Every structure is written in structure tokens, then in C-alpha cells.
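A short write-up of the structure that comes next.
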Amino acid sequence: AQTYDELRRRTMLVLDRLKSAGLTLSTKKCEFGKESIEYLGFRIDEQGLHSTDAKVKAILDAPAPTNVKELQSFLGFVNYLARFLPSLASTLSPLYNLLKKETKWLWDINCEKSFLRVKDVVSANRSLAHYNPSLPIRLTVDGSERGLGAIISQRYPNGEDKPLAFASRSLTKAEQ
């Protein structure tokens, strides 16, 4: 909202709709009139959705895993931020290979490179823009022998492309 009165009017409309649908809110858990809020480990403001410093710090400070359980924990942290990270499946491919049942644990140079690369990607990509219905949507896709990736973005009048979402996945053996 541009003004406090507009914010109040819109808030009342939302509350009325919730009430007519039989939904109630806990006032202890509500925040109104804030420019920025944290919700489920993300920060939301007028610019978009952002990863929080705490989530990013947890990944950046993580030591290299020494076993499967530690690797699973690290990958869980990283995947929580997957929506912010381009080409994540390809970046993590060497690490996911260590999780296969028939694979013996061997942290090699490829695993170390993947581990360090994902930390770089996490620190560099920290926000997604809100969808703007007045701007066209751009879908950029890429594929390789190992995986698929996509970026949904919008080009702003100043020529800047702002990402709305990233997606990626590894290909199965049958798909390769």
C-alpha cells in the first residue's frame, strides 16, 4: 500500500474474506504495517523474497561433511534455499553421487569443488522478485546429459532481468 489508509482498507478486506471463509487468526502471530517480515526462514519485503542471513551463514560456516549423515544434513540446508539457486542439481551432482547405496564414501576433489561452489552460489543468489502481472514472463531453460535447469524471470523497464524462481533436477539413467 502507498498510504496507511490504503493499508488499513486492504487489511480489513483480507480479514473480512478470512472471516467469511470461517478462518480465524491469532493476533499474537500477526504483524501489520511492517515493511519487512521474516516467515519460515525467509524475509519478505516490497522487493521480493530473500534468504535470511542466518540460513546463509549456516551453509557458509558448515564444515565439509565426513560421512553420509553429515552430507545429508548439509544437503538439507542447501535444498531449503533451492528456489534461490540456479543449476543446483548440476552443482550438487558429485555430492548426491556419494548418497547412492552402492557408492563407498570418498570425498574427492570433485566433491570438494561442488561443496565450495554451492557455498559461492548460496552467498551470491539471495533474492527473488515478486511476480508483476504487468510485465512479461521469461522462461529460460537448459539441458545437459546430466540435468535440466530453468529460470522464470521478468524484464523490468530499466532492462534488468529479475528472477522469480529457479528450478533444476538431475536426469535419471533412463532419461540420459
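Can you work out the Karplus-derived ³J(HN,Hα) for every residue in segment 130-137? Use 6.51 cos²θ - 1.76 cosθ + 1.60 with θ = phi - 60°, whole Hz, and x for glycine or proline.
Taking θ as phi minus 60°, the curve returns 6, 5, 10, x, 8, 10, x, 8 Hz for segment 130-137.
With the dipole of segment 1-92 worked out from charges on the C-beta (+1 for Lys and Arg, -1 for Asp and Glu) around the Cα centre, which of Ala62, Thr91, Tyr4 lies farthest toward the positive end?
Tyr4
To the nearest 500 deg cm²/dmol, what mean residue ellipticity at 222 nm is calculated for the chain from DSSP H runs of n ≥ 4 alone, each contributing -39,500 (n - 2.57), summed and divided by the residues?
Calculated from helices alone, the mean residue ellipticity at 222 nm is -11500 deg cm²/dmol.
Taking Cα Rg over 2.2 N^0.38 Å as the quantity of interest, determine which of [x] 1.10; [y] 2.40; [z] 1.30 was computed from the displayed structure.
Among [x] 1.10; [y] 2.40; [z] 1.30, the one derived from this structure is [z].
List the relative contact order of the chain as a percent without decimals, with contacts defined as Cα pairs under 8 Å and 6+ residues apart.
Contact order relative to length: 19 percent.
Work out how much length Ala124 to Arg138 would gain on full extension: take 0.36 nm times their residue separation and subtract the Cα-Cα distance, in nm to one decimal.
Separation in residues times 0.36 nm, less the Cα-Cα distance, equals 2.9 nm.
Enumerate by residue number the chymotrypsin sites (Phe, Trp or Tyr not before Pro) in segment 1-76 meeting two conditions: DSSP loop (anything except H, G, I, E, B), and at most 15 other Cβ atoms within 10 Å of the site's Cβ.
Listed in order of number, the matching sites are Phe32.
In the neighborhood of Ile37, defined by Cβ-to-Cβ distances under 12 Å, what is the net charge if each Lys or Arg adds +1 and each Asp or Glu adds -1?
-2
Could you put Thr52, Thr27 in order, starting from the residue whose Cβ has the fewest other Cβ atoms within 10 Å?
Thr27, Thr52
When the dipole is taken about the Cα centre of segment 1-49, and only Lys, Arg (+1) and Asp, Glu (-1) are charged at their Cβ, what size is it in debye, to the nearest 20?
300 debye
Given charges of +1 on the Cβ of Lys and Arg and -1 on the Cβ of Asp and Glu, with all other atoms neutral, how large is the dipole of segment 45-170 about its Cα centre, in debye to the nearest 20?
Dipole size: approximately 300 debye.
With loop defined by DSSP as not H, G, I, E or B, and exposure as at most 14 other Cβ atoms within 10 Å, which is the longest segment of the chain clear of exposed trypsin sites (Lys or Arg not before Pro)?
35-99
Residues of segment 116-136 with the amide nitrogen closer than 15 Å to a label point 7 Å from the Cα of Asn158, along Cα-to-Cβ, please.
129-130
Given Cα pairs under 8 Å that are at least 6 residues apart, what percent is the relative contact order of segment 1-101?
After rounding, I find 13 percent.
Every number in this text was worked out from the coordinates using simple rules, so none of it is lab data. Computed from a predicted model, the values in this text were never measured in an experiment. All Cβ positions, even for glycine, are placed from backbone atoms using ideal geometry, and neighbour counts span all protein chains on display.
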